[in-house]
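Have a look at the structure below, then the notes.
Derivation of every value follows stated rules applied to the coordinates shown; laboratory data play no part. For clarity, every value in this text was computed on a predicted model and none was experimentally measured. Quick reminder, even Gly has a Cβ in these numbers, built from the backbone with ideal geometry, and neighbours come from all protein chains shown.
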There are 2 protein chains.
Amino acid sequence: MDTFPSDAQDAPSRPGDAYVQSFARGLSVIRSFDANRPAQTLTEVAAAAGLTRAGARRILLTLQTLGYVEADGRLFQLTPKILDLGFAYLTSMPFWNLAEPVMEDLVEQVHESCSAAVLNGAEIVYVLRVPTHKIITQNLSIGSRLPAFCTSMGRVLLSALDDDRLDALLDASDIVARTPHTIVDRGALKEAIAAVRRQGWAIVDQELEEGLISMSAPIRDRQGRTIAALNISGNAQRKSAKQMVKAFLEPLQDAAQRVSEMVARRG
Amino acid sequence: MDTFPSDAQDAPSRPGDAYVQSFARGLSVIRSFDANRPAQTLTEVAAAAGLTRAGARRILLTLQTLGYVEADGRLFQLTPKILDLGFAYLTSMPFWNLAEPVMEDLVEQVHESCSAAVLNGAEIVYVLRVPTHKIITQNLSIGSRLPAFCTSMGRVLLSALDDDRLDALLDASDIVARTPHTIVDRGALKEAIAAVRRQGWAIVDQELEEGLISMSAPIRDRQGRTIAALNISGNAQRKSAKQMVKAFLEPLQDAAQRVSEMVARRG
């Protein structure tokens with residue numbers, strides 16, 4: 001489109017420019033730390049983030065200067081200041097503070113765990129979770145990701161998309177069977193999502209994991225747009241899908257409706 | 001120390017250099033979004049982050065390219081991808097996955113909320129929280145911050161520091177009375193922290209907030225270093241501080257010990 005040398009032109013805004021690259025590298029250094037690599041040497045960070053030692057050193061020193069990384073001898077680790085970034089996102093969601101007390105009431109009522117999630121690409125991301133106090137709880141915390149296509153919150157969120165967007169996301173999805181029950185046929189999956197769109201809620205019966213049943217309803221903003229999904233997850237050995245619908249659909253829909261109304265009043 | 005022109009010298013690693021600055025600005029744009037500013041125009045972001053419009057635009061486009069920000073018309077907002085950064089930190093803590101089931105058992109036993117926090121500067125940062133299902137729960141989520149000096153988890157974490165470090169942090173603390181009970185005298189505060197160091201646990205009786213009593217014990221790693229604090233918080237109208245110690249100290253210490261042993265086995 002332009003005929004100027006790209007050096008002079010592209011700096012501010014294009015993907016691939018040096019500025020974007022360096023910022024992306026900084027974030028990839030942050031993401032190189034995890035449960036398997038809680039503390040890393042410079043060499044380990046460079047390998048994990050795909051950087052040269054010099055590049056990794058520069059970024060680690062930057063992060064250290066800014067208080068996001070600390071060094072203990074040769075080992076670097078993240079500091080809790082990192083959470084400020086995620087916290088900015090969580091508190092920027094209009095329903096976030098509003099939903100938690102409603103979800104606690106719901107858990108009290110149904111004695112099953114309740115979560116809220118949003119869509120990010122072809123995955124759902126947990127943003128709130130109220131566990132029930134049972135021996136076995138799923139290890140799903142804020143920030144956890146699951147595929148959208150085979151989860152009830154995912155189906156609620158996918159059902160809110162227009163057809164083009166839905167097709168694009170399904171194209172980007174890794175549609176593989178997690179259990180013998182997982183719907184993997186594209187046509188059947190689109191029909192299941194269309195059914196969710198018609199009825200306004202979703203149930204997924206052991207498609208993600210054997211023994212796990214989950215049902216979800218949408219949280220909507222004042223314009224009626226679905227901004228998140230709320231779920232109740234239960235154990236197939238305690239209650240069948242049919243029994244869960246009978247026992248939990250009404251309280252779930254009430255809770256989702258209450259949160260939506262609060263969002264609308266505040267928005 | 002050096003006599004070379006700073007432009008040529010300082011680029012890679014020093015605070016104040018262009019690279020550190022631009023990374024810091026990117027993170028400050030992320031942090032400019034919150035409950036009061038969930039979606040912002042370019043002009044608003046520039047004002048909130050203290051940047052020029054051109055600078056804010058460049059950073060927003062970078063964040064958008066990387067998937068951390070999305071635009072809806074003139075409004076920018078954060079995407080859930082931001083949570084990956086905080087999630088990297090949370091899962092990098094050796095006790096994080098181990099502590100949650102222990103905390104759920106503890107809540108089941110004592111019917112009060114339980115949290116875990118780490119020290120960051122003069123503040124504590126919540127990293128885990130298991131609420132009890134009562135009508136009034138505190139609005140404290142993962143990533144929330146409170147001053148260390150007047151909280152029981154803070155006193156446990158401060159008591160693990162050597163005297164020089166403790167003095168430095170108290171110098172950096174904003175020691176103001178939150179209630180008539182808050183200890184604000186430096187000598188009395190250091191004595192309270194020394195008492196925590198001797199006894200190995202802390203109770204704070206309505207120093208943060210009227211009606212709120214909290215008691216805490218340390219989570220330690222294999223080397224015996226305090227890496228986090230675990231607390232139970234209760235309501236002064238239900239139980240006095242004395243009654244809380246009698247009812248909850250043993251289960252709290254048991255839970256902290258269990259988590260510490262798991263960390264040691266894994267470390």
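For this structure, a couple of remarks:
- Comment: the Cα-to-Cβ extended label point of A:GLN199, at 7 Å, lies 5.7 nm from its counterparts in the other copies, nearest first.
- Selection from B:ILE219, B:ALA192, B:ILE82 lying farthest towards where the dipole of chain B points positive, charges on Cβ: B:ILE82
- Taking Lys and Arg as +1 and Asp and Glu as -1, the other residues whose beta-carbon sits under 12 Å from that of B:LEU157 total +4.
- Cross-link partners of A:LYS81 among aspartates and glutamates, defined as those whose alpha carbon lies under 13 angstrom from its own and excluding same-chain residues fewer than eight positions apart: A:GLU70, B:GLU123.
- Partner aspartates and glutamates whose Cα lies under 14 Å from the Cα of A:LYS190, excluding those fewer than 8 positions away in the same chain, are identified as A:ASP162, A:ASP163, A:ASP164, A:ASP167, A:ASP171.
- Across segment A:106-261, Cα-Cα pairs more than 26 Å apart make up 18 percent of the total.
- Take each residue of peptide B:88-101, count the partner chain Cβ atoms within 10 Å of its Cβ, and average: the result is 6.
- Simple point charges give the picture: +1 on the Cβ of Lys and Arg, -1 on the Cβ of Asp and Glu, and for segment B:93-266 a dipole about the Cα centre of about 320 debye.
- Sorting B:ASP185, A:ASP162 from the fewest to the most surrounding beta carbons within 10 angstrom yields A:ASP162, B:ASP185.
- Sequence-distant residues sharing a close amide H with B:ILE124 (under 5 Å, placed H): B:LEU146, B:ALA148
- Label separation (A:GLN253 vs B:ALA54): 5.7 nm, computed from points 7 Å beyond Cα along the C-beta direction.
- Neighbours of B:PRO80 by Cβ distance under 11 Å: Lys/Arg scored +1, Asp/Glu scored -1, total -1.
- Within chain A, all pairs of alpha-carbon atoms sorted by distance into 10 Å bins from zero give the percentages 6, 24, 26, 23, 16, 4, 0.
- Between this copy and the others, label points of A:ARG37 are 3.3 nm apart in ascending order, each placed 7 angstrom from Cα in the Cβ direction.
- Here r is the Cβ-Cβ distance between B:ARG238 and A:ALA188 and R0 is 60 Å; the resulting FRET efficiency, rounded to 0.05, is 0.65.
- This ranking places A:THR182, A:THR43 by how few other beta-carbon atoms lie within 10 Å of each, fewest first, which gives A:THR43, A:THR182.
- Rg ratio (alpha-carbon, reference 2.2 N^0.38 Å) - segment B:26-80: 0.95
- Legend: mean number of C-beta atoms from other chains within 10 angstrom of residue C-beta atoms, peptide A:31-41, equals 4.
- Computed from the C-beta positions of A:GLN199 and A:LYS246 and an R0 of 22 Å, the FRET efficiency is 0.90 to the nearest 0.05.
- Among A:VAL259, B:VAL102, B:VAL110, a tally of other beta-carbon atoms within 10 Å of each Cβ gives an order, fewest to most, of B:VAL110, B:VAL102, A:VAL259.
- Scattering profile of the protein assembly as shown at q = 0.11, 0.13 Å⁻¹ [log10 I(q)/I(0), Debye over alpha-carbon scatterers]: -1.08, -1.43
- Across peptide B:60-71, the average count of Cβ atoms from other chains found within 10 Å of a residue's Cβ is 4.
- Distance (nanometres) between label positions extended 7 Å along Cα→Cβ at B:GLN77 and A:ASN36: 3.5
- Part-to-part distance (alpha-carbon centres) for segment A:168-200 and segment B:155-172, which is given in Å: 55
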